[in-house]
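The structure appears right after this line, and notes come after that.
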Amino acid sequence: MSVPFILVSARVLGALGVLVAPLLLGAGASAETTAPPPAFHLPLACPADMTCPVQNYFDRADGPAVLDYACGGMSYDGHDGTDFRLPTVAAMEAGVPVVAAAAGTVLRLRDGIDNHDGSDAAVAASVAAGRECGNGLVVDLGGGWETQYCHLSPGLAVKEGDTVAVGQPLGTVGMTGAAAFPHVHFEVRHDGVSLDPFRPDPAAACGTAPAASLWAPEAGTADGDDLAYVSPRLLNAGFAAGPVTMAAIDAGAIAAPAADAPALVFFTRAIGLKGGDVQTLALLAPDGSVVAEQTAEPLDRDKAQWMLFTGRKRRGDAWPAGEYRGRYTVARAGTTVLEAERTFVIP
């Protein structure tokens with residue numbers, strides 16, 4: 001008989017209002033403690049042309065403070081997993097596989113919940129129904145180790161009792177349960193205790209070296225990989241013919257402006273921003289002149305994600321042909337911590 005999903009705790013993601021509750025292993029859980037810890041691979045197969053970064057890390061702080069393994073604030077109070085997100089809802093709809101990070105046996109799962117729009121109302125309804133995890137599953141790895149995957153799209157690729165290998169598809173990334181953006185919540189537990197795969201020793205201070213982790217070496221931690229700690233990180237950037245909304249970015253269908261566009265706009269969306277960060281956008285014409293520029297007010301607090309755009313209406317019959325450039329910088333305490341550039345061409 002399968003063990004029902006049991007709500008043990010609810011974790012709130014301040015700016016996004018996300019809650020996640022673990023699905024606990026029942027009385028039949030392994031009590032072995034002598035097996036070495038598994039080496040985990042990425043829990044999703046991110047396409048080569050896409051970035052699937054960590055949005056939220058394990059919260060290592062006691063009390064209401066937030067502290068990730070690198071001494072940063074990319075987490076939320078009580079978060080006991082690692083959230084790998086997709087850059088857009090369009091990417092979710094195209095289908096990005098959630099895969100087994102380690103081999104084991106599927107103990108329990110839930111399926112059949114539809115993806116929602118990520119609104120506060122949808123999140124609240126999931127919480128009220130006790131379905132914070134949405135579609136998800138728990139995998140027993142042996143030796144008291146288990147993993148949990150949450151927020152998958154409906155139509156899981158496995159069933160209870162299945163043996164899964166590393167990299168085997170379990171389903172696809174979704175936005176079910178208490179999820180405000182498309183992602184997979186990946187959680188590691190040993191003997192029922194949730195551990196930070198980036199720094200599994202609960203007593204280890206953040207930022208200490210060597211940075212022992214549970215990630216397999218081939219999972220990759222080089223700069224640019226999805227396991228690299230990057231704060232802040234540019235998630236989306238591009239050009240448009242008018243004002244931009246978060247929904248339009250998520251739809252992934254913003255076309256670059258043509259010569260007769262009513263306006264030229266450069267937009268960005270970043271994650272991992274901190275209170276006090278100063279963001280600057282600049283849109284440059286082919287001759288290097290400034291089409292539009294904006295320096296935003298310092299952020300009043302840490303932001304899980306933040307969108308900006310700057311632009312100008314067309315003043316003549318057409319925009320000059322050539323390569324346009326968009327520049328985005330983030331300054332933190334007077335030091336530039338992020339600098340990026342994007343281009344597009346008007347024939």
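If a residue has to be closer than 17 Å to residue 182 by Cβ and of a type in the set (S, T, N, Q) to count, how many in the range 101-147 make the cut? Total meeting the criteria: 4. Residues considered: 209, 179. Of these, the only one that is buried (at least 24 other Cβ atoms within 10 Å of the Cβ), of a type in the set (A, V, I, L, M, F, W, C) and either part of a loop (DSSP other than H, G, I, E, B) or touching a helix residue (DSSP H, G or I) at 6+ places or on another chain (Cβ under 9 Å) (or both) is 179. A residue that is basic (Lys, Arg) and farther than 20 Å from residue 85 by Cα can be found somewhere in the range 140-163.
Here is a check on your reading of the model: is residue 214 farther than 22 Å from residue 48 by Cβ and more than 22 Å from the chain's Cα centre (by Cα)? When the stated conditions are applied, residue 214 does not pass them. Restricting 259, 228, 237, 255 to residues that are among the aliphatic types (A, V, I, L, M), under 30 Å from residue 71 (Cα atoms) and assigned to a loop (DSSP other than H, G, I, E, B) narrows the list to 228. Looking at the range 47-70, can you tell me whether even one residue there is assigned to a helix (DSSP H, G or I) and under 16 Å from the mean Cα position of the chain (by Cα)? The answer is no, given that none of the residues of the range 47-70 is assigned to a helix (DSSP H, G or I) and under 16 Å from the mean Cα position of the chain (by Cα). For the range 109-146, the set of residues classified as more than 22 Å from residue 94 (Cα to Cα), under 19 Å from the mean Cα position of the chain (by Cα) and not in a loop (DSSP other than H, G, I, E, B) consists of 120, 123, listed by residue number. Scan the range 78-95 for residues that are more than 18 Å from residue 193 (Cβ to Cβ) and in a loop (DSSP other than H, G, I, E, B) and the total you get is 4.
From the residues in the range 105-141 that are β-branched (Val, Ile, Thr) and in contact (Cβ under 8 Å) with a residue 40 or more places away in the chain, which one is surrounded by the fewest Cβ atoms within 10 Å (Cβ to Cβ)? In this case the residue turns out to be 105. Picking from residues in the range 290-347 that are free of Cβ contacts under 8 Å to residues at least 60 places away in the same chain and hydroxyl-bearing (Ser, Thr, Tyr), the one that is nearest to residue 244 (Cα to Cα) is 310. Here residue 307 meets the list (1) touching a helix residue (DSSP H, G or I) at 6+ places or on another chain (Cβ under 8 Å); (2) assigned to a loop (DSSP other than H, G, I, E, B) almost entirely, failing just condition (2).
Laboratory data are not the source of any read-out in this text; all were calculated from the coordinates shown. Just so we're clear, the structure is a prediction, and the values are computed from it rather than from any experiment. All Cβ positions, glycine included, derive from the backbone under ideal geometry; neighbour counts span all protein chains shown.
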